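Every read-out reported here was derived from the displayed coordinates using simple, explicitly stated rules and does not represent laboratory data. This is a predicted model, so every value here is computed, not measured. Counting neighbours? That spans all protein chains shown, and the Cβs are built from the backbone with ideal geometry, glycine included.
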Amino acid sequence: GDSVTQMEGPVTLSEEAFLTINCTYTATGYPSLFWYVQYPGEGLQLLLKATKADDKGSNKGFEATYRKETTSFHLEKGSVQVSDSAVYFCALSARSGGYNKLIFGAGTRLAVHP
Amino acid sequence: ETGVTQSPTHLIKTRGQQVTLRCSSQSGHNTVSWYQQALGQGPQFIFQYYREEENGRGNFPPRFSGLQFPNYSSELNVNALELDDSALYLCASSPRTSGDNEQFFGPGTRLTVL
């Protein structure tokens, strides 16, 4: 079945460091891909998305490119801030019958220190 | 535009009890999905409602049930609570015509089963 694999955390960085969080997926068809962020004690917020191969999603300095040939959607940011500390989830949309559901990775915790 | 809201925020129950969680979808969204997020894990799809009917279900037992009302709000009911039901329950809404299958999440209800 469809699945998402993310790099394990925690990822600990100093402020202004470069961030990469790896995400690979297995899916039939052509799913949309998403990165969600979860701050402590809160629900999920959409960070960025891509709907087809070679699309680049971007938001708040974060970027991810939908790579069909490597089935990947790695999250990157050139210079992280303390406020970026959160848990990041990679997800894909899977269509089954007449409905769509999101399949999530296990999440990667990011801690950014001053 | 009002986002997805959930109630209550927190809930404590004992094993064997029953619980009802509530969700109001974002304005204009007619599809509601429920997810369970155990501590340290990614959200897992429970089921989805559209036009007041369940139109998709994940790998959860029948003691997890739901409703959707004409105003598109929804309830998640869990009977015969077990310790492993302790989790953050997330509601997500989407418009039926969402081409990229993006879902918008509420803040969640944290359920603790003692």
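Some values worked out for this structure:
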read-out	value
Dipole-positive endmost among B:Thr20, A:Asn100, B:Ser94 within the protein assembly as shown (Cβ charges, Cα centre)	B:Thr20
Cα centre as origin, Lys/Arg/Asp/Glu Cβ charges: the protein assembly as shown dipole, Debye	360 debye
Principal axis box of chain A, alpha-carbon based, largest edge first, Å	47, 29, 22
Histogram of C-alpha separations across chain B, 10 Å bin width, %	15, 50, 29, 5, 0
Residue of B:Gly66, B:Gly40, B:Gly56 that the Gaussian network model of chain B assigns the largest fluctuation, springs spanning Cα pairs under 10 Å	B:Gly40
Size of charge dipole - chain A - debye, nearest 20, with Cβ of Lys, Arg +1 and Asp, Glu -1, no other charges	380 debye
12 Å Cα-Cα reach of A:Lys101 towards aspartates and glutamates, excluding residues that sit fewer than 8 places from it in its own chain	A:Asp2, B:Asp100, B:Glu102
Exposed-site-free run, longest, chain B (rule: GluC sites (Glu not before Pro); DSSP loop; at most 16 other C-beta within 10 Å)	B:2-51
The range A:1-86: relative contact order as a whole-number percent, Cα under 8 Å and 6+ apart	31 percent
Cα-based reach from A:Lys68 at 17 Å (exclusive), listing lysines while leaving out same-chain residues under 8 positions away	A:Lys49, A:Lys52, A:Lys56
Residue of B:Gln37, B:Gln26, B:Gln18 that the Gaussian network model of chain B assigns the largest fluctuation, springs spanning Cα pairs under 10 Å	B:Gln18
Base-10 log of normalised Debye intensity for the protein assembly as shown (one unit scatterer per alpha-carbon) at q = 0.10, 0.12, 0.14, 0.18 Å⁻¹	-0.45, -0.65, -0.88, -1.34
